[in-house]
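The values are calculated or read from the model by the stated rules, or taken from the named source; none is laboratory data. Because the structure is a prediction, the values reported are computed rather than measured. We place every Cβ from the backbone using ideal geometry, glycine too, and count neighbours over all the protein chains shown. Accessible surface areas use protein heavy atoms only, side chains included; no ligands, DNA or RNA. Shrake-Rupley method; radii C 1.70, N 1.55, O 1.52, S 1.80 Å.
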Amino acid sequence: DAKTTQPPSMDCAEGRAANLPCNHSTISGNEYVYWYRQIHSQGPQYIIHGLKNNETNEMASLIITEDRKSSTLILPHATLRDTAVYYCIVRAPPGGSGNTGKLIFGQGTTLQVKP
Amino acid sequence: GAGVSQSPSNKVTEKGKDVELRCDPISGHTALYWYRQSLGQGLEFLIYFQGNSAPDKSGLPSDRFSAERTGGSVSTLTIQRTQQEDSAVYLCASSQQYGLDTGELFFGEGSRLTVL
């Protein structure tokens with residue numbers, strides 16, 4: 001699975017949009033981009049995923065560049081409860097070529113939302 | 001609609017003792033994963049189950065670590081002769097891998113192991 005690069009930390013003012021970048025320049029054609037977050041002392045939580053089109057759900061939006069070498073997770077109106085470590089992961093779907101579906105977590109970006 | 005359940009939530013043991021950590025995945029989820037997270041570190045993959053078999057054990061750090069899954073449901077992670085470096089939060093996750101794959105792994109709250 002391709003590696004990702006994320007800034008180690010970011011700050012965001014409460015109520016403003018939080019834009020978290022991720023570089024995945026070696027992504028393969030069948031690999032999806034996934035975002036998870038981990039709030040202190042809890043298990044990781046799925047946020048969103050995409051292949052090449054931009055995606056939006058009730059939690060966030062995912063913007064993937066046309067060449068798929070980078071993406072941005074957008075939390076439109078950050079709250080204090082969004083303070084967490086955010087992980088960007090690329091992964092091929094499970095099944096083919098022995099893919100197990102496991103997620104390989106990097107160090108992520110620690111997002112601090114400030115009042 | 002229970003989520004992934006792990007027990008015990010906290011375990012303190014003495015160096016050299018064996019420990020067992022239990023994971024109850026979401027009903028119907030065929031895939032089960034174990035991870036561990038040492039203090040201040042990222043998540044480290046340990047083992048993956050598809051049904052009762054474990055096609056990927058590549059993350060188990062030593063032969064003191066083993067895991068099994070029975071009935072395609074409950075899994076137990078066993079650590080023999082615990083060492084202080086085994087102290088970590090052990091996280092279990094499950095997913096439904098047949099049919100439409102959303103890529104979503106559902107994680108439990110973890111079992112915090114402290115080896116004195």
Hey, any idea what % of chain A's accessible area is carbon plus sulfur with a 1.4 Å probe?
48 percent
Pop out the ³J(HN,Hα) list for segment B:32-49 in order, Karplus 6.51 cos²θ - 1.76 cosθ + 1.60 with θ = phi - 60°, rounded to Hz; leave Gly and Pro as x.
9, 10, 10, 10, 9, 9, 6, 3, x, 10, x, 7, 10, 5, 10, 7, 10, 10
Determine one quarter of the surface area of the Cα convex hull of segment B:36-76, which equals its mean projected area, and express it in nm² to one decimal.
3.3 nm²
Under 26 Å Cα to Cα from A:LYS69, which lysines show up? Leave out anything in the same chain fewer than 8 places away.
A:LYS3, A:LYS52, A:LYS102
Highest GNM mean-square fluctuation, chain B, Cα pairs closer than 10 Å: which of B:LEU77, B:LEU43, B:LEU60?
B:LEU43
Roughly how compact is segment B:13-116, stated as its Cα Rg over 2.2 N^0.38 Å to two decimals?
1.05
Given contacts defined as C-alpha pairs under 8 Å and at least six residues apart, what's the relative contact order of chain B, whole-number percent?
37 percent
Using only protein heavy atoms and a 1.4 angstrom probe, determine the accessible area buried between A and B, summed over both sides, in Å² to the nearest 100.
1600 Å²
GluC sites (Glu not before Pro) restricted to DSSP loop in segment B:12-116 with at most 13 other C-beta within 10 Å:
B:GLU14
Would you kindly state the longest site-free stretch of chain A, with sites defined as GluC sites (Glu not before Pro) in a DSSP loop (not H, G, I, E, B) surrounded by at most 12 other Cβ atoms within 10 Å?
A:1-57
Choice from B:SER75, B:SER53, B:SER94 with maximal GNM fluctuation in chain B (Cα, 10 Å cutoff)
B:SER53
Given a 1.4 Å probe, the accessible area of segment A:15-115 per residue, as a whole number of Å², is 48 Å²
Interface call, segment B:13-45: threshold 50 Å², probe 1.4 Å, accessible heavy-atom surface of protein chains, chain by itself vs complex, result B:LEU43
Suppose every K and R has +1 on its Cβ and every D and E has -1 on its Cβ; what is the size of the dipole of chain A about the Cα centre, in Debye to the nearest 20?
180 debye
